[in-house]
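The values are calculated or read from the model by the stated rules, or taken from the named source; none is laboratory data. These figures come from a predicted structure and were not determined experimentally. Quick reminder, even Gly has a Cβ in these numbers, built from the backbone with ideal geometry, and neighbours come from all protein chains shown. Surface areas here come from the heavy atoms of the whole protein model, side chains and all, with no ligands, DNA or RNA. Shrake-Rupley method; radii C 1.70, N 1.55, O 1.52, S 1.80 Å.
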Amino acid sequence: MSTLHMDLSRLIKETSKEIDFSGVIGVKVGDDLIHSSAHGYSNRSDEIMNTTETRFGIASGCKLFTAIAICQLIQKGKLSVESKLQDCLPMVFPNFHQNVTIHHLLTHTSGIPDYFDEEVMEDFEELWQKNPMYHIKRLKDFLPMFQDGVMMFQPGGRFHYNNAGYIVLGLIVEELTGLEFSEYINKNIFLPCEMKNSGYFSMDQLPKNTALGYIDEENGAWRTNVYSLPIKGGADGGAYISTTDMFRFWEELFSNQLLNQEYTNLLLEPHISTGDEGEYYGYGIWIGKKNDGIFKFYIMGYDPGVSFHSAVYPANRMKTVIVSNESMGPYDIARAIEKEL
């Protein structure tokens, strides 16, 4: 084992201990798994430990699955990146600009109203006071939360992270395929990648070996996140994966098994600057640049009781998957790893 590998493992151990990490950390260099560790409880009440095969929610991390689904349909000729939203769906969005395209939706530059605007609302849980989370079972259940809203800015105006844009993309997948969104992803991403432990599970029917998400209160108490998220994940977030499955997914994506070379390249292209230095967004994926080269492709997700960070570092031939059933943690581990690269 090289010194870098040993240093990384030591660093991961130290950082996990320091932040009292709960979840799983996996690091691969090439085909070699150089680090794999599980920390904390998947079920605190029954003191069931997390294992390296435990499944975790990944929140917005699965926007990339939605982007791939759309690119698969573009590759088949069913629509194009320049297709207009109004031509793709029968629903009426009375105040949306008629020039909103698929490209705008994929890159968070559409300007359409969001049902959860992270610049305005602090607390995701506020959403469910008017719209009980147990009613949100299908993508169309999100529509009343943004369908009649007004545009935030002209299409293409700027990058503004937008969950509703990805709900709309998921509705387009359903419209064009006749399948429920999660069924399409199962058939066209999870199955081909042999991601046998992944899925869009309903929170009141979680399969075995799935971590419950925990929210820690300031007074030391805690509760699960069952009343804090939509009951079933959709096109903007909420799938569950195991670390092994996530590594499989990256390998298939980067070997052009999910999309051909042309569309894999289009997906991974830095389409828009996010406004942070060296940070860009492709289709459903974040891209970090250093010295004009691509340092990393990464996805992340943060919800109450869920946090996730997974990256591919092309120059280092390294992949990381960091999943947690608490609201923070993976970012600190990722930052510690990156300091060594």
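Given (1) more than 22 Å from E338 (Cα to Cα); (2) assigned to a helix (DSSP H, G or I); (3) of a type in the set (D, E, K, R); (4) touching a residue at least 12 places away in the same chain (Cβ under 8 Å), identify the lone condition not met by D7.
(1)
Consider only pairs whose beta carbons are under 6 Å apart and that are at least six residues apart or on different chains; among these, list those whose first residue lies in segment 212-234 and is closer than 17 Å to Y302 by Cβ and whose second residue is open to solvent by less than 40 Å² (accessible area, probe 1.4 Å) and of a type in the set (D, E, K, R).
Hits for this filter: Y214/E326; L229/D303.
Got at least one residue in segment 9-31 being open to solvent by 30 Å² or more (accessible area, probe 1.4 Å) and either of a type in the set (F, W, Y) or within 18 Å of the chain's Cα centre (by Cα) (or both)?
The initial filter retains those residues of segment 9-31 that are open to solvent by 30 Å² or more (accessible area, probe 1.4 Å), namely 10-11, 13-14, 17-20, 28, 31.
Among the residues that remain, those that are also either of a type in the set (F, W, Y) or within 18 Å of the chain's Cα centre (by Cα) (or both) are: none.
Checking segment 9-31: not a single residue is open to solvent by 30 Å² or more (accessible area, probe 1.4 Å) and either of a type in the set (F, W, Y) or within 18 Å of the chain's Cα centre (by Cα) (or both).
In this structure, is F181 at pLDDT 95 or above and within 15 Å of G237 (Cα to Cα)? Before you say what the answer is, go through the steps one by one.
Working: at pLDDT 95 or above: yes; within 15 Å of G237 (Cα to Cα): yes.
Yes.
Residues that are on the phi > 0 side of the Ramachandran plot and in contact with a Ser or Thr (Cβ under 7 Å, 6 or more places away or on another chain), at least 3 per element: which helices (runs of 4 or more DSSP H) completely within segment 48-162 meet that?
Numbers: elements: 63-75, 85-88, 102-106.
Output list is empty.
Conditions first: (1) of a type in the set (A, V, I, L, M); (2) within 18 Å of the chain's Cα centre (by Cα); (3) not in a strand (DSSP E or B). V226 passes all but one, so which condition is the exception?
(2)
Out of all the residues in segment 233-249, is one or more among the small types (G, A, S), in contact with a strand residue (DSSP E or B) (Cβ under 7 Å, 6 or more places away or on another chain), part of a strand (DSSP E or B) and open to solvent by 30 Å² or more (accessible area, probe 1.4 Å)?
No.
Can you tell me which of I68, I58 is open to solvent by less than 10 Å² (accessible area, probe 1.4 Å) and under 16 Å from H309 (Cα atoms)? It would help to see each step written out before you state the result.
Details: I68 fails: under 16 Å from H309 (Cα atoms).
Testing whether each residue is open to solvent by less than 10 Å² (accessible area, probe 1.4 Å) and under 16 Å from H309 (Cα atoms) leaves just I58.
Name the one entry in I299, I285, I294 that is touching a residue at least 12 places away in the same chain (Cβ under 8 Å) and over 23 Å from G57 (Cβ atoms). Steps first, answer last, please.
On the way: I299 fails: over 23 Å from G57 (Cβ atoms); I285 fails: over 23 Å from G57 (Cβ atoms).
Unique residue meeting the criteria: I294.
For segment 272-306, give me the residue count where each residue is closer than 21 Å to G165 by Cβ and part of a strand (DSSP E or B). Reasoning before the result, please.
Here is the first cut: in segment 272-306, the residues closer than 21 Å to G165 by Cβ are 272-276, 279-287, 297-303, 306.
Imposing the further condition that a residue be part of a strand (DSSP E or B) reduces the set to 272-273, 279-281, 286-287, 297-303, 306.
Looking only at that region, the number is 15.
From the list E122, E82, exactly one residue is among the charged types (D, E, K, R), modelled with pLDDT under 90 and open to solvent by 80 Å² or more (accessible area, probe 1.4 Å). Which is it?
Values: E82 fails: modelled with pLDDT under 90.
Sole residue among the options that is among the charged types (D, E, K, R), modelled with pLDDT under 90 and open to solvent by 80 Å² or more (accessible area, probe 1.4 Å): E122.
Only one of E180, E194 is farther than 27 Å from W286 by Cβ, surrounded by fewer than 20 Cβ atoms within 10 Å (Cβ to Cβ) and among the charged types (D, E, K, R). Can you tell me which?
None of the other options fit; the residue is E180.
I'm trying to understand the selection: among the residues of segment 38-55, which are hydroxyl-bearing (S, T, Y) and open to solvent by less than 20 Å² (accessible area, probe 1.4 Å)? Give the derivation first.
Initially, segment 38-55 is screened for residues hydroxyl-bearing (S, T, Y), giving 41-42, 45, 51-52, 54.
Scanning segment 38-55 gives S42, T54.
Go through segment 305-325 and report how many residues are at negative phi, open to solvent by less than 20 Å² (accessible area, probe 1.4 Å) and more than 14 Å from the chain's Cα centre (by Cα).
Filtering segment 305-325 for residues at negative phi gives 306-316, 318-325.
Applying the additional criterion that residues be open to solvent by less than 20 Å² (accessible area, probe 1.4 Å) yields 306-313, 318, 320-325.
Subset that is more than 14 Å from the chain's Cα centre (by Cα): 312-313, 318, 320, 325.
Residues in segment 305-325 being at negative phi, open to solvent by less than 20 Å² (accessible area, probe 1.4 Å) and more than 14 Å from the chain's Cα centre (by Cα): 5 in total.
Taking the condition among the aromatic types (F, W, Y), surrounded by 18 or more Cβ atoms within 10 Å (Cβ to Cβ) and under 28 Å from S273 (Cβ atoms), does Y166 pass? I'd like the intermediate steps shown before the answer.
Values: among the aromatic types (F, W, Y): yes; surrounded by 18 or more Cβ atoms within 10 Å (Cβ to Cβ): yes; under 28 Å from S273 (Cβ atoms): yes.
Yes: the conditions hold for Y166.
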